[in-house]
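> Quick one: this structure, given as structure tokens, is what I'll be asking you about.
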Amino acid sequence: MSELAAKLRAAMPELRGRLVADQRLADLAWFRVGGPAEALFTPEDEDDLAYFLERAPADVPVTPIGLGSNLLVRDGGLPGVTVRLGRAFAGIAPAGGARLKAGAAAADKRMAIAAHEAGIGGFAFYAGIPGAIGGALRMNAGANGTETSDRVVEVYGVDRSGRRRTLSKAEMGYSYRHSAAPADVIFTGALFEGAPAERDAIRAEMDEVLRHRESTQPVKSRTGGSTFKNPPGHAAWKLIDQAGMRGFSVGGAQVSEMHCNFLLNTGGAVASDIETLGEEIRRRVRETSGVELEWEIKRIGVAA
Ligand SMILES: Cc1cc2nc3c(=O)[nH]c(=O)nc-3n(C[C@H](O)[C@H](O)[C@H](O)COP(=O)(O)OP(=O)(O)OC[C@H]3O[C@@H](n4cnc5c(N)ncnc54)[C@H](O)[C@@H]3O)c2cc1C
């Protein structure tokens, strides 16, 4: 066990969750690259998470991850504690009217299915987003003209000192693929609201969302989804295409031929190949169009 995991465990006799050292993060992220987590904590429930955060020394970095579909973990791994919420946080339940309460570890796809079953419209866009609700809350995940902020009523979480927080939609400070909510809050769930709808119509919308996605995105590849945010007034993929980068590769990393804003691990990539490729794209787009691309993918950890 790494020194950190052993030290934390010794200081927390009532910890019930799983705390392991040197856990491979490449297995937990869509790109399938990156070094290990110094320690990985899977809390048993919200009390356990609060207990842990209250007692973990303030200088120990804590990073939450979801399903790793928007993450590039660098090759040297992630120092401190990585927190991954498990089954106890994956529930989705009706909350009266057209409202649903979902745990942060519930997959977005499950959210679309639960809303369909409950006859609640407005969640079909989640059908094709491969993350979990915690990541969707942090990223303001969206597709097909709807984003998470359109459905959020309030968000629940625990901050770095172990204090339980309820954040209103205004406090989440949403903008395009961004939340200004305090960075130290680990979201544990949220209350959402849609509108009553015919189940057949919801089903048809979900089918259309999935059909469109499969024909335009490399959804079965090792990727991190859209690499860069669309700059105001531009589509990132178009700028990348115009810069001549379609299919361009660095080591085992390649710009998708199908969708230029997706980078692929073609098999043998390491994280630095993907990051170097991303930076090369930014440089060439700056040169050809004068536009500065901003990473949408979250790059975490340290270089090898
Ligand atoms: C094939 C493919 C298609 C995609 N299509 C879309 C799309 O259409 N629209 C879209 O918006 N995104 C898309 N994405 C990106 C990604 O799925 C979303 O950003 C998703 O919301 C990330 O969720 P996650 O659980 O995978 O989070 P992760 O990638 O694990 O983490 C993302 C960020 O959220 C934070 N985070 C995760 N969980 C929590 C938590 N419980 N509390 C606090 N912070 C947390 C992490 O620290 C990190 O900063 C796509 C990705 C892929 C691979």
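> Being crowded, with 18+ Cβ neighbours inside 10 Å and either assigned to a helix (DSSP H, G or I) or touching a helix residue (DSSP H, G or I) at 6+ places or on another chain (Cβ under 9 Å) (or both) is the filter here, so list the residues in the range 16-31 that pass it. Can you show your working first?
Residues of the range 16-31 that are crowded, with 18+ Cβ neighbours inside 10 Å, as a first pass: 17, 19, 23, 25-26, 28-31.
Those that are crowded, with 18+ Cβ neighbours inside 10 Å and either assigned to a helix (DSSP H, G or I) or touching a helix residue (DSSP H, G or I) at 6+ places or on another chain (Cβ under 9 Å) (or both): 17, 19, 26, 28, 31.
> Among the residues of the range 93-109, how many are farther than 16 Å from residue 157 by Cα and not in a loop (DSSP other than H, G, I, E, B)?
Narrowing the range 93-109 to residues farther than 16 Å from residue 157 by Cα: 93-100, 107-109.
In the following step, the residues that additionally are not in a loop (DSSP other than H, G, I, E, B) were identified as 93-94, 99-100, 107-109.
Total meeting the criteria: 7.
> So, in the range 57-107, how many residues would count as being under 25 Å from residue 262 (Cα atoms), β-branched (Val, Ile, Thr) and over 14 Å from the mean Cα position of the chain (by Cα)?
0
> Residue pairs, Cβ under 9 Å, 6 or more apart or interchain, first in the range 75-89 and on the phi > 0 side of the Ramachandran plot, second polar (S, T, N, Q). List them.
Partner pairs satisfying both residue conditions: 80/63.
> Among the residues in the range 229-242, are any within 16 Å of the ligand (Cβ to nearest atom) and polar (S, T, N, Q)?
Within the range 229-242 (the criterion being within 16 Å of the ligand (Cβ to nearest atom) and polar (S, T, N, Q)), the answer is yes, since at least one residue qualifies.
> Does the range 281-292 contain at least one residue that is touching a residue at least 60 places away in the same chain (Cβ under 8 Å) and either within 14 Å of the ligand (Cβ to nearest atom) or outside the structural domain of residue 113 (by TED's automatic domain parsing) (or both)? First the steps, then the outcome.
Filtering the range 281-292 down to residues touching a residue at least 60 places away in the same chain (Cβ under 8 Å) leaves 291-292.
Next cut, either within 14 Å of the ligand (Cβ to nearest atom) or outside the structural domain of residue 113 (by TED's automatic domain parsing) (or both) only: 291-292.
The answer is yes, given that some residue of the range 281-292 is touching a residue at least 60 places away in the same chain (Cβ under 8 Å) and either within 14 Å of the ligand (Cβ to nearest atom) or outside the structural domain of residue 113 (by TED's automatic domain parsing) (or both).
> Which of the numbered conditions does residue 278 fail, given that it passes all the others? Conditions: (1) over 17 Å from residue 34 (Cα atoms); (2) assigned to a helix (DSSP H, G or I).
(1)
> May I ask you to list the residues in the range 51-84 that are within 11 Å of the ligand (Cβ to nearest atom), closer than 24 Å to residue 14 by Cβ and in contact with a Phe, Trp or Tyr (Cβ under 9 Å, 6 or more places away or on another chain)? Let's see the steps before the verdict.
Initial filter on the range 51-84 (within 11 Å of the ligand (Cβ to nearest atom)): 62-73, 78, 82-84.
Going one step further and asking which of them are closer than 24 Å to residue 14 by Cβ, we end up with 62-64, 82-84.
The answer is 62, 64, 82, 83, 84.
> Residue by residue through the range 213-227, note down the ones that are more than 8 Å from the ligand (Cβ to nearest atom), of a type in the set (D, E, K, R) and surrounded by 13 or more Cβ atoms within 10 Å (Cβ to Cβ).
Correct list: 222 only.
> Additional query: Could you pull out the residue among 104, 39, 132 that is surrounded by 24 or more Cβ atoms within 10 Å (Cβ to Cβ), closer than 24 Å to residue 166 by Cβ and touching a Ser or Thr at 6+ places or on another chain (Cβ under 7 Å)?
Values: 39 fails: closer than 24 Å to residue 166 by Cβ; 132 fails: touching a Ser or Thr at 6+ places or on another chain (Cβ under 7 Å).
It is 104.
> So which of 210, 191 ends up being touching a residue at least 12 places away in the same chain (Cβ under 8 Å) and either surrounded by fewer than 17 Cβ atoms within 10 Å (Cβ to Cβ) or farther than 21 Å from residue 112 by Cα (or both)? I'd like the intermediate steps shown before the answer.
Working: 191 fails: either surrounded by fewer than 17 Cβ atoms within 10 Å (Cβ to Cβ) or farther than 21 Å from residue 112 by Cα (or both).
Answer to the check: 210.
> Now for a separate question. Is at least one residue of the range 149-157 more than 11 Å from residue 192 (Cβ to Cβ), at pLDDT 95 or above, near the ligand (Cβ under 7 Å from one of its atoms) and within 18 Å of the chain's Cα centre (by Cα)?
Going through the range 149-157, the residues more than 11 Å from residue 192 (Cβ to Cβ) turn out to be 156-157.
If we keep only those that are at pLDDT 95 or above too, we end up with 156-157.
Next, from what is left, pick out any that are near the ligand (Cβ under 7 Å from one of its atoms): 157.
Subset that is within 18 Å of the chain's Cα centre (by Cα): 157.
Yes, that holds for at least one residue.
> Given 239, 277, 263, 293, which one is surrounded by 15 or more Cβ atoms within 10 Å (Cβ to Cβ) and in contact with a Lys or Arg (Cβ under 7 Å, 6 or more places away or on another chain)? First the steps, then the outcome.
Numbers: 239 fails: in contact with a Lys or Arg (Cβ under 7 Å, 6 or more places away or on another chain); 277 fails: in contact with a Lys or Arg (Cβ under 7 Å, 6 or more places away or on another chain); 263 fails: in contact with a Lys or Arg (Cβ under 7 Å, 6 or more places away or on another chain).
The unique qualifying residue is 293.
> Among the candidates 133, 113, 120, which residue alone is modelled with pLDDT of 95 or more, within 15 Å of the ligand (Cβ to nearest atom) and not assigned by TED's automatic domain parsing to the domain that holds residue 277? Working first, answer last.
Working: 113 fails: within 15 Å of the ligand (Cβ to nearest atom); 120 fails: within 15 Å of the ligand (Cβ to nearest atom).
Of 133, 113, 120, the one residue that is modelled with pLDDT of 95 or more, within 15 Å of the ligand (Cβ to nearest atom) and not assigned by TED's automatic domain parsing to the domain that holds residue 277 is 133.
The values are calculated or read from the model by the stated rules, or taken from the named source; none is laboratory data. Here the structure is a predicted model, which is why all the values come from computation and not from measurement. Glycine gets a Cβ as well: all are built from the backbone with ideal geometry, and neighbour counts include every protein chain shown.
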